[in-house]
Amino acid sequence: MKSYKIAIIGGDGTGPEVTAEAVKVMDAVAPKFGFKVEKTYFDFGGERYKRTGEILPDGAIDELKQHDAILLGAIGHPDVKPGILEKGLLLRMRFELDQYINLRPVRLFPGVETPIKDKGPAEIDYVVVRENTGDAYCGAGGFMMKGTPQEVAEQSALYSRFQVDRCLKYAFEYARKYGKKSRGVGKENTLGLVGKTNVLTYIYDLWERAFHEIGEKYYPDIRRDYYHVDATCMWMIKSPEWFDVLVTGNLFGDIITDLGAITQGGMGIAAGGNINPEGVSMFEPIGGSAPKYTGQGVINPLAAICAMGMMLQTLGQEAAAEKVEQAVRWVTANKLKSLAAGKMGYSTSEVGDMVAQKVAE
Ligand code: IPM
Ligand code: MN
């Protein structure tokens, strides 16, 4: 029987609670599809940092590399200055495990309220492929004359052709496999590049040239569109049905996926995968640690459950992943009053139970 070694990092705040529900569903779906999961728990996060002063202990990355995938809850602690855990833990894992893709579906499930008037699940159904290693996230920069009136701050966005090419290749492959035509909901598979070629005339020039070169040569079956990022934000609200698969740099991807998340019902449902197609990937709900709800059993675990579903898909357990998504759709359509914390009509673990029951049917 196929067995997967899964590293589980609950993290901070409500992270461990939602992760527990994702694990519950994973344990329920695995026997149904004939595979096993072997879990290792890691206590990385704000509490450990406060206790030991250590964010990611020596050897942790090597230990994580021994796993097939990582399930992450949330990182962020109210007593720790913003940036420390994000850089020291989340971004470090993304970088050191070379998870160069951040895959973020924007999908409105049935029964879920969207703030966009007159749009439903048929219209809000696309995926953002966010590059996950470069751009303004590369850490290049510094201060001059810090703290003086003459202070200068500089922070660079960097992209190599190598980073751009591997991301585009993943995005084209993804569009070919999971685009709207392949899923039977559209006439074409389309990849849209989101950039800012009118101002970022170096970085997005590189992206655009690579996009058309690779597309023309290897993916002539995939339609290519280009959008400026500002216009993308507008169309994400006005005409989200235009989009199929979008690909973009790290910073634009960060920003537009928060906008996308709110159109799909918010942080209670939005999930993402930090993917290294040749290595160890990490899956997370994209909302934060929501510290004020910690321990109350009111937080929505569906985003964590969906992240676990994406993990199964990436591991090659496509049918099990589909089953998880269907179960989540059933719960949003038939059970939950709202996706918001405290307003679901059920507790965190009751929502997990309902999904777990449904996948085991
Ligand atoms: C995200 C988050 C992170 C990011 C932060 C916490 C570093 O906003 O996963 O989108 O900017 O990538
Ligand atoms: Mn973000």
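The values are calculated or read from the model by the stated rules, or taken from the named source; none is laboratory data. Given the structure is predicted, the values throughout are model-derived calculations rather than measurements. Backbone-built Cβ (ideal geometry, glycine too); neighbour counts: all protein chains shown. Side chains included, ligands, DNA and RNA excluded: accessible areas come from the protein's heavy atoms. Shrake-Rupley method; radii C 1.70, N 1.55, O 1.52, S 1.80 Å.
Determine if the stretch 234-246 includes at least one residue that is without any contact (Cβ under 8 Å) to a residue 40 or more places away in the chain, touching a helix residue (DSSP H, G or I) at 6+ places or on another chain (Cβ under 6 Å) and assigned to a strand (DSSP E or B).
Checked against the condition, which is being without any contact (Cβ under 8 Å) to a residue 40 or more places away in the chain, touching a helix residue (DSSP H, G or I) at 6+ places or on another chain (Cβ under 6 Å) and assigned to a strand (DSSP E or B), the stretch 234-246 yields no hits at all.
Got a number for residues in the stretch 250-287 being farther than 26 Å from Lys65 by Cβ, part of a loop (DSSP other than H, G, I, E, B), within 15 Å of ligand 2 (Cβ to nearest atom) and of a type outside the set (S, T, N, Q)?
Residues in the stretch 250-287 being farther than 26 Å from Lys65 by Cβ, part of a loop (DSSP other than H, G, I, E, B), within 15 Å of ligand 2 (Cβ to nearest atom) and of a type outside the set (S, T, N, Q): 4 in total.
Looking only at the stretch 18-38, which residues are open to solvent by 40 Å² or more (accessible area, probe 1.4 Å) and under 21 Å from Val328 (Cβ atoms)?
Ala20, Lys24, Asp27, Pro31, Lys32, Phe33
Counting just the residues of the stretch 252-270 that are more than 11 Å from ligand 1 (Cβ to nearest atom) and within 21 Å of Asp12 (Cα to Cα), which one comes out surrounded by the fewest Cβ atoms within 10 Å (Cβ to Cβ)?
Gly266
Looking at Thr201, Thr232, which is the one that is within 18 Å of Ser160 (Cα to Cα) and among the hydroxyl-bearing types (Ser, Thr, Tyr)?
On the way: Thr232 fails: within 18 Å of Ser160 (Cα to Cα).
Residue meeting the stated conditions: Thr201.
For the stretch 99-109, check the following and say yes or no: at least one residue is farther than 22 Å from Ala74 by Cα and not hydrophobic (A, V, I, L, M, F, W, C).
no
For Ala290, state whether it is on the phi > 0 side of the Ramachandran plot, more than 14 Å from ligand 2 (Cβ to nearest atom) and open to solvent by less than 40 Å² (accessible area, probe 1.4 Å).
So Ala290 passes the test.
Being open to solvent by 10 Å² or more (accessible area, probe 1.4 Å), touching a residue at least 60 places away in the same chain (Cβ under 8 Å) and within 16 Å of Ala290 (Cα to Cα), is that true of even one residue in the stretch 42-49?
no
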